[in-house]
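The values are calculated or read from the model by the stated rules, or taken from the named source; none is laboratory data. Remember, it's a predicted structure, so these values are computed and weren't measured experimentally. Cβ atoms come from the backbone with ideal geometry, glycine included; neighbour counts cover every protein chain shown.
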Amino acid sequence: MAADVEPTANTSQKTPKRKRGMAPRDAARKMVAPMRSIAIFGAVGALVAAVALPAYAASSTPVDATASLQQVAADDAQSLVVASEATASPLDRSTYSATTPEEIEKKKAEEAAEAAAAAAAAAAASSTASSTGIDMSNYAMTAPGSGEVRYPLPPGSYTEGRTIGGGHAGADMLAPARTPIYAATSGVVRVSSESHYGYGVAVVIDGVVGGQSVSTTYGHMTNGTRQVSAGQYVEAGQLIGLVGSTGRSTANHLHFEVHIGGGLYEPYAWLAANAG
């Protein structure tokens, strides 16, 4: 019977050995779970750091307001400057001129009109020269002197002829043919004609001098030399034609008349008292 009991005793002694052999395996399983959690938290932390650090650097790095986008990108490739958030320096209108399309078109039209006027004047001068043999460009376009009243002929270019009286309404200023004639006053041309009654080629200008209406007449000009037209505004001293002997005339001279407020004035005395 003792031999039968021994295996049983041996069997009962081996059972604890098997339990001790499984203990390290269970301990390993228990250690894996905490290490896995640590690894996961570490990976998440690294990912958060990778995203947050550049953003923090972008927000904490000051951006020079005057730097260009290229400069900002070169200094910090991670940063972003939004165009709508950039503030531009205030503009000074005195440093530039801005024009609208309408203003540009208006300027072009004005320049075209000026060019057309210059071309017309050149064509008129050329036509006059070809028809009369006179080149008006050789004459001074403005008389010497200043003031509201100018002498109609250059000083020293004429001699005084007869004046008003005996049915003669003006002063005859004797001068060589083609002596330049200038407007004695500023005003509007009322008459500009190649045949104005007995005056022949003549111009009449209505103006105001010293608050009074003044009308001046220039008669017997050379054909084709009138430089003004009816309705045109002229300045005192502006070239209006050349001396001739057209109409009822027997010699080259300028017939000059002065009417003030509707009354006839003696031209020589009026010029001496008023011409600058």
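Looking only at strands (runs of 3 or more DSSP E) that fall completely inside the range 186-259, which ones have 1 or more residues that are closer than 21 Å to Thr142 by Cβ and in contact with a helix residue (DSSP H, G or I) (Cβ under 9 Å, 6 or more places away or on another chain)?
Values: elements: 187-193, 201-209, 212-221, 239-242.
In the range 186-259, the matching strands (runs of 3 or more DSSP E) lie at 201-209, 212-221, 239-242.
Loosely packed, with under 15 Cβ neighbours inside 10 Å and not β-branched (Val, Ile, Thr), is that true of Ala171? So Ala171 fails the test.
Answer with yes or no whether Thr222 is surrounded by fewer than 24 Cβ atoms within 10 Å (Cβ to Cβ) and either among the polar types (S, T, N, Q) or in contact with a Cys (Cβ under 8 Å, 6 or more places away or on another chain) (or both). I'd like the intermediate steps shown before the answer.
Numbers: surrounded by fewer than 24 Cβ atoms within 10 Å (Cβ to Cβ): yes; either among the polar types (S, T, N, Q) or in contact with a Cys (Cβ under 8 Å, 6 or more places away or on another chain) (or both): yes.
Yes, satisfied.
Being of a type in the set (A, V, I, L, M, F, W, C) and within 17 Å of Thr159 (Cβ to Cβ) is a property that does not hold for Val228.
The listed residues are Tyr158, Tyr233, and the only one of them that is over 38 Å from the mean Cα position of the chain (by Cα) and at pLDDT 95 or above turns out to be Tyr158.
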